[in-house]
Structures are given as C-alpha cells and as structure tokens.
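J.: Structure provided below as structure tokens; questions to follow.
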Amino acid sequence: KKERGFFMGEQELLRKLGIWPNLSGYQYLMKGFEMIRMDPDYLQYVTKRLYPDIADVYQMSWPSVERAIRTCVISCWERGNRDFLNEMAGYPLRERPTVSEFFSIAWVYLCREEQKERNRKTGNSKDG
C-alpha cells in the first residue's frame, strides 16, 4: 500500500462523504477518478467520454454506469456527509450536484489536498 501521509486519497474521500463500496456505483467512481488522473480532460466530457470508457472496462452500458454513479451522489446528498461536500465545494450547495459537478468538486478538492501535501513535504508553508 502506498503511503500518502496526510493526503486524502479517493477511497478515503468517498468514505468521508458516506459513499461506501457496497454501492454499485462505487467501483465506477473509483475508475472515473483513475481515468481523470490520467487525463483531466475527462472532466469536460463526462457523458461523451468518461461514462462510455468506464462502461467499456466493466462491459456495461454507459447509461447503467451513469445511473449507478448518480445513485452514489444521491446517497451522499441524502444520507452522507453533506457538510463535508459543501466544504469541498467551497460554498453551500443549494441542490444536489450532478455527476459531472460531483466529479469536478471532488477532483479540485483532491488536487488541492495533494498540493498541500507536497508543500508540507517540501517545507513550503503556502496553502499548507
């Protein structure tokens, strides 16, 4: 297991949001984060590229992938840690984010946390 120090990885982030591995969309969210990490342009093309590419990996239809991920976002919104989701977004969300918005909010948050961790390791106090 890779040591990440204080940095919150994708699994920890989803767990803190109340999205657990027993939800069918969990694995698709994790694969989505992996794909976005390799190519951040996926955030611009969630419906046209990200869903179909996740679906190809799992031999599912892209609407099934989208629906399962949306179920995770709904679960987070209705029964999860909405306060933390608002903190991640940087402002109070008035309504449940779309899947695209969720990926963007989570991705920006993860990148910010990763930068803070890099700054801690290098002794740079900016943003850390």
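The values are calculated or read from the model by the stated rules, or taken from the named source; none is laboratory data. Since we're looking at a predicted model, the values are computed, not measured. FYI the Cβ positions are ideal-geometry reconstructions off the backbone, even for glycines, and counts take in every protein chain you see. Surface areas here come from the heavy atoms of the whole protein model, side chains and all, with no ligands, DNA or RNA. Shrake-Rupley method; radii C 1.70, N 1.55, O 1.52, S 1.80 Å.
J.: Within segment 24-70, can you find the residues that are at pLDDT 95 or above, part of a loop (DSSP other than H, G, I, E, B) and among the polar types (S, T, N, Q)?
T.: Passing the criteria: Gln59, Ser61.
J.: Looking at segment 15-41 only, could you name the residues that are in contact with an Asp or Glu (Cβ under 8 Å, 6 or more places away or on another chain) and of a type in the set (Phe, Trp, Tyr)?
T.: Phe33
J.: Quick check on Arg118: is it in a helix (DSSP H, G or I), within 21 Å of Gly9 (Cα to Cα) and open to solvent by 50 Å² or more (accessible area, probe 1.4 Å)?
T.: When the stated conditions are applied, Arg118 passes them.
J.: Then there's this: Can you name every residue in segment 96-115 that is touching a helix residue (DSSP H, G or I) at 6+ places or on another chain (Cβ under 7 Å) and either open to solvent by 20 Å² or more (accessible area, probe 1.4 Å) or assigned to a helix (DSSP H, G or I) (or both)?
T.: Once the filter is applied, which keeps residues that are touching a helix residue (DSSP H, G or I) at 6+ places or on another chain (Cβ under 7 Å) and either open to solvent by 20 Å² or more (accessible area, probe 1.4 Å) or assigned to a helix (DSSP H, G or I) (or both), segment 96-115 yields Arg96, Val99, Ser100, Phe102, Phe103, Ser104, Ile105, Ala106, Trp107, Tyr109, Leu110.
J.: In addition: Can you name every residue in segment 71-95 that is open to solvent by 100 Å² or more (accessible area, probe 1.4 Å) and in contact (Cβ under 8 Å) with a residue 24 or more places away in the chain?
T.: Hit for segment 71-95 is Arg79, nothing else.
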